[in-house]
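The values are calculated or read from the model by the stated rules, or taken from the named source; none is laboratory data. Quick caveat, the model's predicted, so the values are computed rather than measured. Please note: Cβ atoms are built from the backbone with ideal geometry, for glycine as well, and neighbour counts cover all protein chains shown.
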Amino acid sequence: MSPTTLFDKVWSEHIVVPETADTPAVLYIDLHIIHEVTTPQAFSVLREHSLPVRRPDLTLPTMDHSTPTTPVSSFKDLAVVSEQAANQIRQMEVNCEEFGLDLIGFGNDQRGIVHVIGPELGATQPGKTIVCGDSHSSTHGAFGALAFGIGTTEVGHVLATQCLLQRKPSTLAINVDGTIPSGISAKDLILAVIGKIGVDGGTGHVIEYRGDAIRQLDMESRMTICNMSIEGGARAGMIAPDDTTVEYLHGRPRSPQGAAWDSAVARWQALRTDEGATFDKSVTLDASSLQPMVTFGTNPGMVVGINEPVPDGGDDASFRKALDYMRVASGKPMTENDVDVVFVGSCTNGRLSDIREAARVLTGQKVADGVRMLVVPGSQQVKKDAEAEGLDQIIIEAGAEWREAGCSMCIGMNGDTVPSGKLSVSTSNRNFEGRQGIGARTVLASPATAAASAVRGRVADPRTFS
Amino acid sequence: MSGITHIRSRTVVLPTRDIDTDQIIAARFLTTTSREGLGKNLFYDLRYDGDGNERPEFPLNKASAAGCDILVAGNNFGCGSSREHAPWALMDFGFRAVISSEIADIFRNNSLKNGLVPVVVDQDTHQWLLDNPGADVQIDVENTTLSLPDNRVVRFPMDAFARYCLVEGIDQLGYLRQHRDAIAEFEERRAWKP
């Protein structure tokens, strides 16, 4: 048999009907994660056609995007955000009830951001096909799953048939050689990757991240890497499962148990790209020269090293427009910019290791005067684990806010927003115009860089804290 | 969905590169549970200033944009979020097609599902369209060609199935459901169960 890639293996195992010149493949979906924002119109379609949800057991519903991160005890609290957001959340409860879905709702200890709880519960597993009406579904590829974001119409397709119509994408190998230097995180690495390939470098492709530097990463770091595949235009990013993956999944609530665990591990260990398999494109980076990375513009590809000057875009109108919006000058490093808001959280960097990194920098320090810092755990489980380690106390003592789980200030749907014109250093994934609030200026960075910036009151190199 | 064979219209041009779906429809408008009525919030922060007044320089606010069904945008249009609210908002506003030199994957898929025609053209054609806002062009979906006012005819790529669904107005859920026996059989025969 000719050598195949990790992607090829997962793809071909899920073909219900093969693609032809005239028709796309029917691809089976093993896990469908759903949330309140991108599903109401899909449930309406099911009602119009009198269709049930085909596989409630393969559907994992929660609420994260428009939910408050202040403690909620009743729907009256939700109305504080907006009546429409409260209505959307209520509709999610109604839809799950009506279609027999087991909602991880308010008051459930397992609630959190879709891409944080899937792995945390052990529902995300190597070799699965995983989709969600959210572009950061690529996160789950860290386990060697084929995972990608879909629109609401496709959410309806999966609810009704557990399948999607798909054309086979191309493959892109991103080889990261060397060793990541101490003090540099997965976020710095993925920002450097996007800087190299550009925000459309992965369009039409599924990425496989490979190489020594990737193998050395823990699962939470791998999730940060795969999470931002979409910011390079790729719908999916994958990392082959290994002992690190198996160890992470062992004993989780939805991981296979007993004999099923042993056979699953044996199957997972075969999920790797064969020697001699070819990719449609490939890119190589050396991790050993990495430094902390920060964005300076209005997309994640506009990124520089923390002490490097912001480049000069010449007469490129889109580039100039981005710098004007950001009020950032070419030729100067980002460390010259004062900071108003710092956000640590999101499906990119809202896991326990991220909170630990922020707390490490904040230990014995104070958030600078005039800076608001918000730390939002990615799930209620992350919150509980962080509190068990006393991280919440470090964060609160430093003068930052410690919240309930949710997407929060990454997308600003729940009332957690950055005021117009203010500069935010954020561990989230998008620095688009207005993403964190109307007129908000976002600098993407790692949790350590974000915390260092909160303490210094300007964009700061975390390596100055040790 | 009714079938679409031809779209003839003047163009309105947004030359900026990498216009993301947050620009197309901001997250604060996503708390709706309907597909309808999003057009008024399309490109909201580009169309209106902080006081809610129209920005006269924004192309969609110009009188010449009225009645234009075709949007020409800078490279990599629709990048970012998977929100289908983006094509819903464009269509609710009145657009029926988007032309660029590159269109992001999820946005393109979502557009096709709703009958918003994504047209990807070569660099030269794209540059000509960017330089000539208001050009009267015709998209022939059946033959996947774009006709320019100087009688140039440019072919654009489109998946055969996507084209068929657009032209015939096929609901893809109906097509997918025709495979329900194959799906049930797959669930039975696969070596491991999720």
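Answer yes if at least one residue in the range A:343-365 is surrounded by fewer than 22 Cβ atoms within 10 Å (Cβ to Cβ) and among the β-branched types (Val, Ile, Thr), and no otherwise. Within the range A:343-365 (the criterion being surrounded by fewer than 22 Cβ atoms within 10 Å (Cβ to Cβ) and among the β-branched types (Val, Ile, Thr)), the answer is yes, since at least one residue qualifies.
Residues checked against (1) of a type in the set (Val, Ile, Thr); (2) over 28 Å from A:CYS226 (Cβ atoms):
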| position | (1), (2) |
| --- | --- |
| A:THR67 | yes, no |
| A:PHE99 | no, yes |
| A:PRO119 | no, no |
| A:VAL131 | yes, no |
| A:GLY141 | no, no |
| A:ALA147 | no, no |
| A:GLN162 | no, no |
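Among residues of the range B:160-184 being assigned to a loop (DSSP other than H, G, I, E, B) and without any contact (Cβ under 8 Å) to a residue 12 or more places away in the chain, the one that is surrounded by the fewest Cβ atoms within 10 Å (Cβ to Cβ) is B:GLN178. If you go through the range A:1-28 and keep only what is in contact with a strand residue (DSSP E or B) (Cβ under 9 Å, 6 or more places away or on another chain), more than 9 Å from every other protein chain (Cβ to nearest Cβ) and among the aliphatic types (A, V, I, L, M), you end up with A:LEU6, A:VAL10, A:ALA25, A:LEU27.
With the structure loaded, tell me whether A:MET373 is outside the structural domain of A:ARG111 (by TED's automatic domain parsing) and in a strand (DSSP E or B) or whether it fails that test.
So A:MET373 fits the description; yes.
Is it the case that A:ALA277 is farther than 23 Å from A:ILE230 by Cα, surrounded by 15 or more Cβ atoms within 10 Å (Cβ to Cβ) and small (Gly, Ala, Ser)? For A:ALA277, the condition - farther than 23 Å from A:ILE230 by Cα, surrounded by 15 or more Cβ atoms within 10 Å (Cβ to Cβ) and small (Gly, Ala, Ser) - is met. Per the conditions (1) within 17 Å of A:SER346 (Cα to Cα); (2) of a type outside the set (A, V, I, L, M); (3) surrounded by fewer than 22 Cβ atoms within 10 Å (Cβ to Cβ), the sole criterion not satisfied by A:ARG456 is (1). Annotation note: of A:ASP324, A:ASP315, the sole residue that is part of a loop (DSSP other than H, G, I, E, B) and surrounded by fewer than 17 Cβ atoms within 10 Å (Cβ to Cβ) is A:ASP315.
Out of all the residues in the range A:191-234, which are small (Gly, Ala, Ser) and either on the phi > 0 side of the Ramachandran plot or over 17 Å from the mean Cα position of the chain (by Cα) (or both)? Listed by number, the residues that qualify are A:GLY195, A:GLY198, A:GLY201, A:GLY204, A:GLY211, A:ALA213, A:GLY233. Checking each residue in the range B:76-95 for being assigned to a loop (DSSP other than H, G, I, E, B) and at the interface with another protein chain (Cβ under 10 Å from one of its Cβ atoms) picks out B:ASN76, B:GLY80, B:SER81, B:SER82, B:ARG83, B:GLU84.
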